[in-house]
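First the structure, which I've put down as structure tokens, then a few questions once you've had a look.
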Amino acid sequence: MIQVNELTKDYGSRRALHELTFEAQQGEIVGFLGPNGAGKTTTMRILTGYMAPTSGEARVAGYDVIKESLEVRRRIGYLPETVPLYTEMVVFDYLKFMADLRHIPNADERVEETLEMVGMLDRSEGYIGNLSKGMRQRIGLAQALLHRPEVLILDEPTIGLDPSQVVDVRNVIREVGKERTVLLSTHILSEAQQLCDRVLIINKGKIVVEDTPQNLQARLVGAEHVVVRVRGDNDGLVEKIRKVKGVQNAHALPDGAVEYQFMPAQDVRPEVAKAVIQSGYDLLEMHAVKMSLEDIFLEVTREDTERKKK
Amino acid sequence: MQNIWTIAKREYKHYFISPIAYALAAGVLFMLGVAFAFLLGQSTQMALYGGGSAPDLTQLNGFFAFLLVFIVPALTMRLVADETRMGTIELILTSPISDFELVAGKWLGGLLFVATLIGITLIYPITLNFMVDPGVDYRVLLTSYLGLIFIAASFLALGTGISALFSNQLAAFLVTFVVVLTLWWLVGLPAELMPKAGAFLRYLEVNSHYAFTFNAGSIHLSDIVYFLSLIAVGIFTGAMALESRRWR
């Protein structure tokens, strides 16, 4: 559904995208992850026809985003990061206007159905200017869903929402993502983990990692992380654990527990447990922590910058 | 076409919630009303001395045309510039309408608003028709009003095009005002000094296509071509400005 091939975009002398290449299939929810300024918004703006790339090509539903821009735009629903809406308009009138621009038959009914989907039907007579940030976000989402597009492009769709709204919006995205292609950007890693079939980590205009959230975790977890907790004082515990052969990087955590790592090939957990008990501590718990996408993300983007320095 | 109409409808409605548009409409209608009363008074006075004629309403339209120089820049300044500033342009430019349709729709919305103002001034010939015998010469007024619409359409197109070049309303206002004022009056000034280029400069002058033709009851193809060219230049400028934005 989305094919991006060696897309490059320069803003003056600054290169925002560097030969970006990726694909997204129908029915797939693809998460676009990256720090601010990584090129997420730029990529989305090129796909939606708002901007032209400096070089490279992109296709949506088989149509070229530059040469067949109108065809592409007909098939895309887009929620920009800033959610730009006409604040002086009434919610219903605004959505009716957008529906008319898309030549939707029975626009009135469609607008109501869509407002229902995003849970904003009771606000259809209110002015957009009087809505909260979260509500505007949902009107923006409604606007993107009006024409039931084949491809949805959502730039930070849950930013500024309160926790219950976040759940609602994620459910809507999951629902529409069943038969549509969704490309969403986020810097909330847990969101990508929950929503996406595939994650693209982008940094400085390049894709640095591309995989399913599960694989990413498996692939990037080099060392196992374990947290040890004891009753009472933990004076000297770090040193004791550090002495066990095979333990790497033992350090105290702010809450009094101690974290250490070991390579999977050499499981040192029994040795650590013995050392802790023999040293007279009351061992309360010892558990493995999974590396979160957060850590992976930091690792990947850091590696990338370090490699550049060398 | 449908898209142009959708955009135009929204812009037209927007004028009715905009304080600037109300202020401009009130100002224009007030000044025209005063001028109408003055013309009436003058004719009545002349009639008392046994001479004179019915008030000439084409003078009123000539005055209206001059007022357009001031009100059109204020009406068009926000059309595209404000969408750029607010960021709403992003959703319009990513919806399936062409740049031309967007600019043409905005222009048409402005034209409908000015046409509404012009429509309100029809009250003057209608009242005058009851007061004079054998009634007003509606044929001259018809071409006079037609020319007025052409002037408004040209100015509005230039203003819309210029508005697309800026993200700042004030800049759009000033540039439009300078361009429109130049076409109205300034361009004719050096014409006297330059015998060769003078004819061309005088051709550029808006009033030379209105005062003695449309506003005197005659329609010339050359005048229509002139106004249509200005409209085309304005809308083309706007569409180009939007197109160039994509490549920046």
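The values are calculated or read from the model by the stated rules, or taken from the named source; none is laboratory data. Note that this is a predicted model, so its numbers are computed, not measured. Using ideal geometry, Cβ is built from the backbone for each residue, glycine included, and neighbour counts are taken over all protein chains shown. All accessible areas refer to the heavy atoms of the entire protein, side chains included, with ligands and DNA or RNA removed. Shrake-Rupley method; radii C 1.70, N 1.55, O 1.52, S 1.80 Å.
Can you tell me how many residues within the stretch B:75-119 are of a type in the set (Phe, Trp, Tyr), within 12 Å of B:Ile7 (Cα to Cα) and more than 14 Å from every other protein chain (Cβ to nearest Cβ)?
Of the residues in that region, 1 qualify.
Does A:Glu88 count as away from chain B (no Cβ under 13 Å) and either open to solvent by 20 Å² or more (accessible area, probe 1.4 Å) or touching a helix residue (DSSP H, G or I) at 6+ places or on another chain (Cβ under 8 Å) (or both)? If you could, list the steps in order and put the result at the bottom.
Working: away from chain B (no Cβ under 13 Å): no; either open to solvent by 20 Å² or more (accessible area, probe 1.4 Å) or touching a helix residue (DSSP H, G or I) at 6+ places or on another chain (Cβ under 8 Å) (or both): yes.
So A:Glu88 does not fit the description; no.
Follow-up question, since we're still on this one. Which of the residues that make up the stretch A:20-51 are β-branched (Val, Ile, Thr), open to solvent by 10 Å² or more (accessible area, probe 1.4 Å) and closer than 13 Å to A:Val4 by Cβ?
Selection gives A:Thr21, A:Thr42.
Sticking with this one: Would you point out which residue out of B:Gly147, B:Gly217, B:Gly238, B:Gly135 is in contact (Cβ under 8 Å) with a residue 24 or more places away in the chain, under 25 Å from B:Asp56 (Cα atoms) and over 15 Å from the mean Cα position of the chain (by Cα)?
B:Gly217
Examine the stretch A:41-49 for a residue that is part of a helix (DSSP H, G or I), modelled with pLDDT of 90 or more, facing chain B (nearest Cβ under 10 Å) and more than 23 Å from A:Thr212 (Cβ to Cβ), and state whether such a residue exists.
Within the stretch A:41-49 (the criterion being part of a helix (DSSP H, G or I), modelled with pLDDT of 90 or more, facing chain B (nearest Cβ under 10 Å) and more than 23 Å from A:Thr212 (Cβ to Cβ)), the answer is yes, since at least one residue qualifies.
Continuing with the same structure: Among A:Phe32, A:Phe97, which is the only one that is within 14 Å of another protein chain (Cβ to nearest Cβ), aromatic (Phe, Trp, Tyr) and touching a Ser or Thr at 6+ places or on another chain (Cβ under 9 Å)?
After ruling out the rest, the residue left standing is A:Phe97.
Inspect the stretch A:52-69 for any residue being assigned to a helix (DSSP H, G or I), surrounded by fewer than 24 Cβ atoms within 10 Å (Cβ to Cβ), within 12 Å of another protein chain (Cβ to nearest Cβ) and of a type outside the set (Gly, Ala, Ser) and give the result as yes or no.
no
How many of the residues in the stretch B:216-247 are under 16 Å from B:Ala153 (Cα atoms) and either open to solvent by less than 50 Å² (accessible area, probe 1.4 Å) or of a type in the set (S, T, N, Q) (or both)?
Total satisfying the criteria: 11.
Answer yes if at least one residue in the stretch B:39-52 is surrounded by 20 or more Cβ atoms within 10 Å (Cβ to Cβ) and more than 14 Å from chain A (Cβ to nearest Cβ), and no otherwise. Give the steps one after another, and end with the answer.
Residues of the stretch B:39-52 surrounded by 20 or more Cβ atoms within 10 Å (Cβ to Cβ): none.
So far as the stretch B:39-52 goes, no, none of its residues is surrounded by 20 or more Cβ atoms within 10 Å (Cβ to Cβ) and more than 14 Å from chain A (Cβ to nearest Cβ).
Moving on. Only one of these conditions is not met by B:Gly198: (1) free of Cβ contacts under 8 Å to residues at least 40 places away in the same chain; (2) open to solvent by 20 Å² or more (accessible area, probe 1.4 Å). Which number is it?
If we test B:Gly198 against (1) free of Cβ contacts under 8 Å to residues at least 40 places away in the same chain; (2) open to solvent by 20 Å² or more (accessible area, probe 1.4 Å), just (2) comes out false.
Then there's this: Which ranges mark the strands (runs of 3 or more DSSP E) fully within the stretch A:169-275 that have 3 or more residues being closer than 21 Å to A:Leu79 by Cβ?
Passing ranges, in order: A:181-186, A:198-203.
In the stretch A:100-121, which residue that is open to solvent by 10 Å² or more (accessible area, probe 1.4 Å) and at the interface with chain B (Cβ under 9 Å from one of its Cβ atoms) is nearest to the chain's Cα centre (by Cα)?
So, considering only residues that are open to solvent by 10 Å² or more (accessible area, probe 1.4 Å) and at the interface with chain B (Cβ under 9 Å from one of its Cβ atoms), the one nearest to the chain's Cα centre (by Cα) is A:Arg102.
Suppose the filter is assigned to a helix (DSSP H, G or I), modelled with pLDDT under 95 and open to solvent by 20 Å² or more (accessible area, probe 1.4 Å); does B:Ile149 pass it?
The answer is no for B:Ile149.
Then there is this: Give the number of residues within the stretch B:165-184 that are open to solvent by less than 30 Å² (accessible area, probe 1.4 Å) and in contact with a Ser or Thr (Cβ under 7 Å, 6 or more places away or on another chain).
Count: 2.
Scan (1) within 14 Å of chain B (Cβ to nearest Cβ); (2) open to solvent by 70 Å² or more (accessible area, probe 1.4 Å) for the single condition A:Val151 breaks and write down its number.
It fails just one condition, (2).
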